[in-house]
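The values are calculated or read from the model by the stated rules, or taken from the named source; none is laboratory data. Note that the coordinates shown come from a computational prediction; the quantities given were computed from them, not determined experimentally. When we count neighbours, we look across all protein chains shown, and the Cβ atoms used for this are built from the backbone with ideal geometry, even at glycine. What goes into the accessible areas is simple: the full protein's heavy atoms, side chains included, and nothing from ligands, DNA or RNA. Shrake-Rupley method; radii C 1.70, N 1.55, O 1.52, S 1.80 Å.
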Amino acid sequence: MITRRWVRASACGLFVTLAAGLFPAGAAAGEPVAKEAPKVELVLDVSGSMRAQDIDGQTRMSAAKQAFNEVLDAVPAEVQLGIRTLGANYPGPDRNLGCKDTKQLYPVGPLDRTEAKTAVATLAPTGWTPIGPALLGAAEDLKGGDATRRIVLITDGEDTCAPLDPCEVARDIAAQGIHLVIDTLGLVPDTKTRDQLICIAEATGGTYTSVQHTAELSGRVKQLVGRAATPVVNPVATEGAQQCGGAPELKPGLYSDRESFGQHRWYRVSVAPGKELRASVSIGADRAVNNDYGVLLRATTPSGREIVRGQEAGDGRTDLISTGLRYPKAGDPDDEEPAETVCLQVSNSFSAPAAVKTTPGMPVELTIDVVDGPDGASDVASFGLGRGWWLLGALALTGLLAGLVWGWVSRWRITVWRTN
C-alpha cells in the first residue's frame, strides 16, 4: 500500500510542479499561495487501544508522544500548528458521550514548543475512537483565509462512532472546495483500519502510511508538516456547463470541478491566431468503482465540429486517470484576426456498484495553457498531429509506397530465379 501511495504522490507532485512552471505568479488562476502562513492540525487518537505495547517495546501512546516531541522541535517557523485529540477525556460506556469526545488540545497558530509539548505530555489512553467528529472539528479549527491547510490524522484503529462514516466526512470536506488535505497514518493497523484510512486520504488527495516504528511515525509527520510549508498551486473552483453555449470561459490556469458518473462538462477557451492551446484533465476515483472506465477530453468548435481529442481508458482499481490535447491555431499573431472560441468537453465512463454513493461527484482538475504556436515544420504540432488526419494520410501513403516497392522487388526476384 505504501508503494502505491508513493506512486500516486509522485504523480501528483509532478503534476503540481509542471503546473507551477506553466503558471507563474500573476497568472489568472492557480498561482502559488503565499499570502498566509500554512495551517496544520495534528489529530491524535488517545483511545483505550493506544495502551497496546507493540511499537519498539513501548506502548503506542508512548511512541506517539516521543514522535510528537521530535516533530514539534522540527516544525518550520512559518507554519501555524494545532493539535486535536479524540478519545482523550471520556472513559465510560455511554456511546453518545464517547462519540463526542474530541477536543482541541493546542490552538492553531504560532507554535510555542514548550507549551505544546507540555500539553501532549498530559495525555493518557482513555476512551472511544470518534474519527468522524474529530475530522469535522479539525476542519472547523482550520477554517478561514486562503492559506494551505492540512490535517494529519494518527490513529491505531477504525472509527467506533458510525453511522457518521469518516470516509463520507472526508468526501464532504473535499466537496466544499476549500482545498483541505487529510493525510492518515495507521499505527500497527489491521485490514479494516487500513482500508478506512486509505479512503479518508484518497477523498481529499492526501496520503496513507502504515507505521510500525517510532522513527517511521516521527519522520513521516515531519515530512507532512514540512510539505505544508512549501507553496503549492491551488486550483480555482469552477463549474462546467451542460453545453458549450453556457460554459464558463477559462483563462490559463489550474481549475477544479466535480463530475458525476458518466457526466459531461463543458468549458470555453479563447485561442488567438499563432497560439497553441494545451489542455489536460485528471479525474480522481475517490471511491470504489467498477472495472473498465475512461476519460475523454474533446476540443470542438461552437457548432460541434470536433477539432482534436485526448482519451485514456483503464481496467481495475486506480486513483487517477488523465489525458490531454494540443491545438495550434494557424495564423499570424500580429494580424488583427479575432480569437477562436474552442469548446472543451470533459466526459467520463466511470460506474460504481449500487451501494456506492454518486454524490458528490468525483474530483476533476483541468489545466489550461495558451502558448506561442510552432514556428516551423520541426514541431509535429505544425503538421496537425493532434488533429489526426494529417498523420493518418501520411501513414497511408507511406504504406502504399512501401507495398508497391516490395511487390516490384519480389516480382523481380522471382523473374531472376526462373531465368536462372
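Quick notes on this structure:
- With all pairs of separate Cα atoms included, region 254-366 yields a Kirkwood hydrodynamic radius of 15.1 Å.
- Averaging 1/r across all pairs of distinct Cα atoms in region 283-342 and inverting the result yields a Kirkwood radius of 14.2 Å.
- Based on alpha carbons, the Rg and Dmax found for region 57-133 are 13.6, 42 Å.
- Solvent accessible area, Å² - GLU158, 1.4 Å probe, full protein context: 70 Å²
- Debye equation applied to the C-alpha atoms of region 214-276, log10 I(q)/I(0) at 0.25, 0.28 Å⁻¹: -1.07, -1.17
- Under 5 Å, built H, 5+ apart or other chain: amide partners of THR129: THR160
- Charge-dipole axis of region 67-181 as Lys and Arg at +1 and Asp and Glu at -1 on Cβ define it, positive-most pick from THR126, GLY109, THR160: GLY109
- Accessible area per residue for the chain, computed on protein heavy atoms with a 1.4 Å probe, is 48 Å².
- Size descriptors for region 190-340 (Cα atoms only): Rg and Dmax, in that order, 20.2, 66 Å.
- 27 Å Cα-Cα threshold exceeded, pairs from LYS192/LYS357; LYS39/LYS251; LYS117/LYS192: LYS39/LYS251; LYS117/LYS192
- 3J(HN,Hα) along region 43-50: 10, 10, 6, 10, 6, x, 5, 6 Hz, from the Karplus curve 6.51 cos²θ - 1.76 cosθ + 1.60 with θ = phi - 60°, whole Hz, x for Gly and Pro.
- Calculated mean residue ellipticity at 222 nm for the chain: -10000 deg cm²/dmol, from DSSP H runs with n ≥ 4 weighted as -39500 (n - 2.57), summed, divided by the residue count and rounded to 500.
- Region 35-80 - Rg and Dmax from Cα coordinates, angstrom: 13.7, 44
- Accessible surface of THR358, taken over heavy atoms with a 1.4 Å probe and every protein chain present, rounds to 70 Å².
- Size of charge dipole - the chain - debye, nearest 20, with Cβ of Lys, Arg +1 and Asp, Glu -1, no other charges: 1060 debye
- The stretch between LEU404 and ASP190, if pulled fully straight at 0.36 nm per residue, gains 70.5 nm over its current Cα-Cα span.
- Full-stretch length increase - LYS357, THR301 - with 0.36 nm per residue and alpha-carbon distance subtracted: 16.7 nm
- Rounded to the nearest whole Hz, the Karplus-based 3J(HN,Hα) values (6.51 cos²θ - 1.76 cosθ + 1.60, θ = phi - 60°) of region 119-125 follow the sequence 5, 5, 5, 7, 6, 9, x, with x at glycine and proline.
- A cut-off of 5 Å between modelled amide H atoms, ignoring neighbours fewer than 5 places along the same chain, links GLU36 with no other residue.
- Antiparallel DSSP beta bridges within the chain, percent to nearest 5: 65 percent
- Here r is the Cβ-Cβ distance between ARG113 and THR160 and R0 is 56 Å; the resulting FRET efficiency, rounded to 0.05, is 0.95.
- Extension gain (nm, one decimal) between ALA215 and ARG411, 0.36 nm per residue minus Cα-Cα: 63.1 nm
- Karplus-based coupling profile of region 342-355, in residue order and whole Hz: 10, 9, 10, 10, 10, 10, 9, 10, 6, 9, 9, x, 4, 6, with θ = phi - 60° in 6.51 cos²θ - 1.76 cosθ + 1.60 and x standing for Gly or Pro.
- Span from the region 148-177 Cα centroid across to the region 298-377 one, whole angstrom: 32 Å
- Of the solvent-accessible surface of the chain, computed with a 1.4 Å probe and all protein chains present, 56% belongs to carbon and sulfur.
- When every Cα-Cα distance of the chain is counted in 20 angstrom steps from zero, the calculated P(r) takes the values 23, 45, 22, 8, 2, 0 percent.
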